[in-house]
Every structure is written in structure tokens, then in C-alpha cells.
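Working notes, beginning with the structure itself.
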């Protein structure tokens with residue numbers, strides 16, 4: 001019988017079980033193994049069909065949603081006309097994390113995004129917590145977005161035809177006479193049908209929606225600039241740097257979603273080249289649109305009149321034209337914008353679950369690939385059904401706000417991952433390298449931590465409870481069933 005000294009892990013397990021458990025939960029998955037498994041699931045492999053344009057549109061589609069339609073009315077009272085600079089400040093903050101995502105997406109081009117990057121650099125339990133947080137962020141946020149889609153659809157119908165969906169069919173139980181939110185369920189089902197048809201078909205539909213919503217926002221800018229008054233820009237920063245920074249923190253969350261392309265690593269035609277470009281291009285496009293919209297808005301209306309209005313852009317158009325019809329066009333743009341977000345976020349959720357299932361951390365059903373369409377069909381149906389129930393029947397309330405912390409945690413993990421991988425695997429081919437390393441990822445971590453610390457107690461409470469539930473699930477299932485654990489067990493002598 002082989003001695004324990006021939007098997008150091010076994011010896012440590014007998015001598016120091018705490019250290020053994022510690023080593024097991026922080027075991028990392030070799031980068032080569034992660035890449036080799038890319039695209040493969042139970043029953044087949046995913047289809048590489050997405051171009052650079054489609055990947056860029058995916059990230060734009062996930063980012064450019066309800067934020068710009070409502071955030072201006074919340075941020076302008078904090079910064080005044082300098083809210084334009086606040087959008088640039090938030091973009092720079094997002095850029096630090098975007099650069100880290102770009103490097104890791106080009107180095108480890110797989111479906112799992114930040115979950116897979118964490119598995120390769122920081123260990124299994126960190127990857128699990130990262131994936132678990134993204135489950136909350138994706139599922140709850142897309143449900144909330146679907147609810148918002150119903151509200152904007154009602155607004156569009158009301159402005160264009162005078163008819164509105166009855167309250168009983170446009171809200172969850174207990175909210176303003178609601179029974180079931182049918183529009184929210186409908187947009188989730190529509191996205192599901194597109195996703196089941198294939199990744200390329202979904203990407204094409206999303207690209208069309210992105211073109212429409214960017215077109216609507218550019219239409220807004222053209223109309224607004226006809227009534228631009230430079231006097232509205234003075235004083236430019238009435239509330240000083242403190243107000244400008246506070247508005248920057250507020251609008252930062254409008255940039256969440258630029259990482260969506262990284263979840264398509266196994267369906268991109270040329271992932272090592274295209275994923276980094278798609279992430280950075282999408283951030284640039286979204287920033288340009290945000291800055292133009294913000295500048296047009298504060299140039300038409302005094303910033304005090306933008307305060308607290310969810311229809312702030314509609315107010316700008318009405319003031320610029322003296323007519324209500326441009327608001328109808330804007331409402332249509334919001335409907336399309338939100339539908340695009342539902343599609344892209346649902347896609348990202350299913351691909352992260354696909355990667356987690358392939359690693360053995362969740363049941364195998366999530367990695368089964370449809371032979372005909374070459375998409376994770378069962379995964380997509382399960383996730384969409386869950387999201388549709390949340391959106392249609394559950395009052396989400398402030399829980400949707402708590403999802404931001406999970407995203408910031410994932411961003412911080414990716415920034416740390418770049419530093420770790422540069423140290424442990426400097427030999428890996430990197431099509432894109434984060435500039436000014438290690439300053440850039442360090443600043444990315446610090447900005448994420450700063451924004452996390454400034455979130456309210458309720459958000460932290462939800463995050464803490466969700467993390468504890470996730471750790472319990474990991475130790476009950478994934479700790480022993482993960483493929484790394486199974487491989488280690490197979491290597492032990494009997």
C-alpha cells in the first residue's frame with residue numbers, strides 16, 4: 001500500500017483537516033483545461049456564429065436600457081449641468097474594469113465570464129460566490145426590467161391610442177390592483193423564443209433593436225439641440241465637485257452590462273480578437289450616447305426642472321417642440337431598449353449557468369446542448385420560466401436595487417484576477433493587455449469597493465444573506481460534486 005508521504009494532500013487531510021478543506025475550496029482550474037472544454041456541453045457543443053458587430057451590439061444591448069430614460073432626472077439635481085461630466089467620470093470608472101474584462105476575455109474565451117475567470121485565478125469557492133451573485137443580479141434585474149417594459153408599453157399605448165392595459169393584467173398581486181403582469185411575462189417569453197432559435201438569430205434580433213434604440217436617442221438629441229440654450233449651462237457646476245462625484249456614482253450603474261460580450265466566449269467566431277474589442281467598443285458607444293443625451297437635456301431645460309422625473313427626456317422634447325408626438329417616439333424607443341436588455345441578460349444568465357454546470361457545481365441539465373440549434377435549450381427554458389414567474393407574480397420592490405452589489409463584486413473579482421493571472425501565468429498568449437498594469441486593475445478594485453461601501457444597509461443585508469445561502473448550497477452540492485473534486489477523488493489510492 002502506498003505511504004501517505006507519497007500523497008501529500010492525503011497526508012495533510014489526516015494531519016490538518018481544516019487546511020485540507022481550505023485548499024480544496026480554493027482549488028483553481030487550469031486555464032488550459034478551461035479553454036479546452038470551451039464550447040462543449042452534455043449532448044454537443046455550442047455553435048461559433050457571432051461576429052464582432054454582433055458581440056458589440058450584445059454589450060450595447062445589455063447596457064443601454066432604462067437607465068438613460070430615468071437616471072437623468074435622479075442625477076441632474078446632484079450635479080446641475082455638470083451631470084455631463086458625471087457621465088464621463090462614471091465611464092472612466094467603468095473603463096478600469098472594462099480593460100480587465102477585455103484582457104481576461106481574450107485570454108480565457110469561454111462562456112462563464114467573471115465566474116470562469118475567478119475559477120482560473122482565485123479558486124472554486126470565490127468562483128462559486130461570483131456565479132451565485134450573478135444569478136441574483138441577472139435573474140432579479142431582468143425580471144425588474146421586464147416589469148419596466150410593461151410600464152413603458154402602457155405609456156406608449158396611452159400616448160398613441162389612448163388605451164391602456166388594465167391594472168389587473170399589468171402588475172403583480174397586491175400592487176395597485178394588479179393580479180398578474182402579462183406584459184412582463186410576454187417579453188420574457190419573446191426573448192426565450194429568440195434564444196431557442198439560436199445564438200446568431202438572437203444576436204441579429206438584438207442588433208436590430210440596438211440600432212432602433214440608438215436611432216431614437218439620436219432623434220431625441222437632434223430635436224433637443226434645435227432648442228439648445230447655452231445660458232442653461234451656467235453656472236456649470238453649482239453644487240461643486242461633491243455634487244459632480246455623487247452624480248457620477250449614481251449614473252455608474254447605467255454602465256453595467258458592458259461585460260455581456262464576455263458571456264459569449266464560446267459562440268464567438270474569433271473570441272481572442274473580438275471579445276476585447278466588443279467590450280471596449282460597446283463602452284465607447286454607450287458613453288457617447290449618454291453624454292450627447294445629457295448635454296442636449298441640460299441645454300434645453302434648466303437642470304432644476306429635470307429633478308426627480310422618470311419622464312425627464314419626454315419633458316425635454318415637449319419643451320423643445322411644444323408637441324406631444326416626439327414623446328410617443330421616445331416611448332417606443334424605451335420599449336425596444338428594454339426588450340433588448342431582457343434578451344441579452346437572459347442570454348448571459350444561461351451561459352454562466354452552462355459553465356457552472358459543466359464544472360459540476362450545479363446539475364447537468366444546465367449544460368445539455370440541443371443537437372439541432374446547438375444552444376442550451378433546457379437551461380434557457382428553466383431560467384426563462386423562473387424569470388417570467390418573478391416578473392409576472394412577485395412584487396420585487398427594492399430587491400432590484402440590491403442586485404448592483406453583486407455586479408460590483410464580480411467587477412472587483414475580475415480586476416484581481418488580472419493581477420493574479422499575470423503573476424501565475426505570464427506565459428499565456430494575450431491578444432489584449434491592460435495598459436498601465438498593475439495600476440489600472442488596482443484602481444478598478446478600489447472604485448468598485450468605493451461604490452459598494454456607499455450602497456445602503458438594506459443592499460448589504462440582501463448581499464450577506466444571499467452569499468450565506470449560496471455558501472450553504474455550495475457545501476451541500478458543489479463541494480463534492482465539482483469536476484475538480486471528482487478528479488481528485490479518482491486519483492486517490494483505494
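The values are calculated or read from the model by the stated rules, or taken from the named source; none is laboratory data. Bear in mind that the values here come from a model prediction, so they are computed numbers and not experimental data. So basically every Cβ, Gly included, is an ideal-geometry build from the backbone, and we count neighbours across all protein chains shown.
Below, the figures for the structure above:
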| item | result |
| --- | --- |
| Pair list, Cβ under 7 Å, 6 or more apart: the range 436-451 residue farther than 16 Å from residue 410 by Cβ, other residue assigned to a loop (DSSP other than H, G, I, E, B) | 440/434 |
| Residue within the range 375-386 that is closer than 20 Å to residue 127 by Cβ and under 16 Å from the mean Cα position of the chain (by Cα) present | yes |
| Pairs where the first residue, in the range 232-246, is in contact (Cβ under 8 Å) with a residue 12 or more places away in the chain and on the phi < 0 side of the Ramachandran plot and the second is in a loop (DSSP other than H, G, I, E, B) and surrounded by 11 or more Cβ atoms within 10 Å (Cβ to Cβ), C-beta under 9 Å, 6+ apart | 232/301; 232/302; 243/237; 244/237; 246/239 |
| Where residue 464 falls short, out of the listed (1) part of a helix (DSSP H, G or I); (2) over 21 Å from the mean Cα position of the chain (by Cα) | (2) |
| Conditions (1) under 21 Å from residue 345 (Cα atoms); (2) crowded, with 16+ Cβ neighbours inside 10 Å; number of the one not met by residue 165 | (1) |
| Single condition residue 449 does not satisfy, out of (1) under 24 Å from residue 135 (Cβ atoms); (2) at pLDDT 95 or above; (3) surrounded by fewer than 18 Cβ atoms within 10 Å (Cβ to Cβ) | (2) |
| Helices (runs of 4 or more DSSP H) contained entirely in the range 312-423, each with at least 1 residues that are touching a strand residue (DSSP E or B) at 6+ places or on another chain (Cβ under 7 Å) and under 20 Å from residue 147 (Cα atoms) | 377-393 |
| From the options 27, 23, residue that is farther than 30 Å from residue 303 by Cα and modelled with pLDDT of 90 or more | 27 |
| Qualifying residues in the range 262-275 (those that are out of contact with any strand residue (DSSP E or B) (no Cβ under 8 Å at 6 or more places or on another chain) and in a helix (DSSP H, G or I)) - the one farthest from residue 431 (Cα to Cα) | 263 |
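The rows are residues; the columns are (1) buried (at least 22 other Cβ atoms within 10 Å of the Cβ); (2) in contact with a helix residue (DSSP H, G or I) (Cβ under 8 Å, 6 or more places away or on another chain); (3) modelled with pLDDT under 90; (4) outside any helix (DSSP H, G or I).
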residue	(1), (2), (3), (4)
228	no, yes, no, yes
251	yes, yes, yes, no
277	no, yes, no, no
283	yes, yes, no, no
295	no, yes, no, no
